[in-house]
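Only one structure is covered here, and it is reproduced in the block below.
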Amino acid sequence: MGTGTSMGVPTLGCRCAVCTSVDPHDRRLRPSILIRWKEAGAVGDPSDRERVVVIDSGPDFREQALRSGLTRMDAVLYTHHHADHILGLDDLRPLSFTVFRESGLPIPLYAAPETVDVLKRIYDYTFKPDATYPNRAKVELLPLAARNAVHGVDFLRVALKHGDIDIDGFRFGKTAYLTDVSDIPEESFALLHGLDHLIISALRHKPHYSHTTVKQALLWAERIGARQTWFTHIAHDLPHEETNAALPANVRLAYDGLTLPINLSSANPSQTVESL
Ligand SMILES: [Zn+2]
Ligand SMILES: [Zn+2]
């Protein structure tokens, strides 16, 4: 749903070649992905239920949800507490009302303790026990576990470093989403075998203290060995066409609106679609 870095591309006030590019691939909203799948109906129920999960709800979430035609939401998983990943939480409100009318349940939000603390602080009118704001989002913070099951699909937590902080990537079926990474702890590589798609951040060529460069991301991509690697969380330093032309064939810059059929598990190989 978004492949840009924290400021988005174009960056406000910037007149560089990428920020003024007419190529739609050079327009990048804040980072997020959407995973949709059909959950088989119960025995005797012919209707397959569409399930919808997003990883992160940043400041562009509303626009992204409109573009993707989202009308409901089954869960949100958070990678970490930075603004570009959490500031769209309030825009879950209308979707949460629909879900609540359907099921009587809030939307589960899976997050690590530090992210939970920040969300509770920013959205105190939603989460504090004595909250009285009547139109607050019907959402529920849940602790992120090593394995998080959402309507039959497992989202495995993949520990990552983002500068000084510990953050989380996710593996679901044969796809992994690792954004805002500056280092991958050795033990996390064990969770990244046999991937069809690796989606990993690659900010720019110039080093940054909390984000990986294209060069480092390429080294990890080679080690992980996914069938296809997609770069995301991209700054305005990287023009889409020109950067892609210099990458190996199985590595590409992702772009907003990219949609990939993915395998969510061997037990549930039904048609699945993921879009950035
Ligand atoms: Zn970020
Ligand atoms: Zn971040």
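Points to keep in mind about this one:
- Per-residue ellipticity at 222 nm from helix content only, as computed over the chain with -39500 (n - 2.57) for each DSSP H run of at least four residues, stands at -5000 deg cm²/dmol.
- Net charge, Leu192 excluded, C-beta distance under 11 Å - Lys, Arg +1, Asp, Glu -1: +2
- The chain: most fluctuating residue of His162, His208, His236 per GNM, C-alpha cutoff 10 Å: His208
- In the complete set of protein chains, residue-level accessible area for Thr213 is approximately 30 Å², probe 1.4 angstrom.
- Within the stretch 1-21, backbone nitrogen closer than 16 Å to the virtual label 7 Å beyond the Cα of Glu241 toward Cβ: 17-21
- The chain, relative contact order in percent, only Cα pairs under 8 angstrom and at least six apart counted: 19
- Apolar share of the accessible surface for the stretch 4-115: 56 percent from carbon plus sulfur atoms, 1.4 Å probe.
- When the chain is treated as a GNM with alpha-carbon contacts under 10 Å, the residue of Ala149, Ala111, Ala65 showing the greatest mean-square fluctuation is Ala149.
- Other residues whose C-beta falls under 9 angstrom from the C-beta of Met7 contribute a net charge of 0, scoring Lys and Arg +1 and Asp and Glu -1.
- Integer Hz, Karplus 6.51/-1.76/1.60 couplings in order for the stretch 227-241, x for Gly and Pro: 4, 9, 10, 10, 8, 9, 6, 9, 7, 6, 6, 10, x, 4, 4
- ³J(HN,Hα), Karplus 6.51/-1.76/1.60, whole Hz, each residue of the stretch 143-148, x for Gly, Pro: x, 6, 9, 4, 10, 10
- Summarising the label geometry, the points placed 7 Å from Cα in the beta-carbon direction at Ala40 and Asn250 lie 3.1 nm from one another.
- Of Glu114, Glu102, Glu140, the residue with the greatest mean-square motion in the GNM of the chain, using alpha carbon springs below 10 Å, is Glu102.
- Accessible area of the stretch 151-251 divided out per residue, in Å², using a probe of 1.4 angstrom: 42
- Using the Cβ of Arg62 as centre and a radius below 14 Å, the other residues enclosed give a net charge of -2, where K and R count +1 and D and E count -1.
- From phi via Karplus (6.51, -1.76, 1.60), per-residue ³J(HN,Hα) for the stretch 10-22 in Hz, x at Gly/Pro: x, 8, 3, x, 9, 10, 5, 4, 6, 5, 10, 4, 8
- When a 1.4 Å probe is rolled over the protein heavy atoms, the share of accessible surface on the stretch 200-260 that falls to carbon and sulfur comes to 51 percent.
- Taking a ≥ b ≥ c as the square roots of the eigenvalues of the Cα gyration tensor, the stretch 24-165 is rounded, since a/c falls below 1.5.
- Spatially close Lys pairs in the stretch 35-193, defined by Cα atoms under 26 Å apart and a spacing of eight or more places or different chains, total 7.
- The modelled label-to-label distance between Arg62 and Ala131, using points 7 Å beyond Cα along the C-beta direction, is 1.8 nm.
- Approximate spin-label separation Thr71-Val22, in nm, with each point projected 7 Å along Cα-to-Cβ: 3.7
The values are calculated or read from the model by the stated rules, or taken from the named source; none is laboratory data. On a predicted model such as this, the values are computed, not experimentally measured, just so you know. Virtual Cβ from ideal backbone geometry, glycine too; neighbours counted across all protein chains shown. Only protein heavy atoms, including side chains, enter the accessible area calculation; ligands, DNA and RNA are left aside. Shrake-Rupley method; radii C 1.70, N 1.55, O 1.52, S 1.80 Å.
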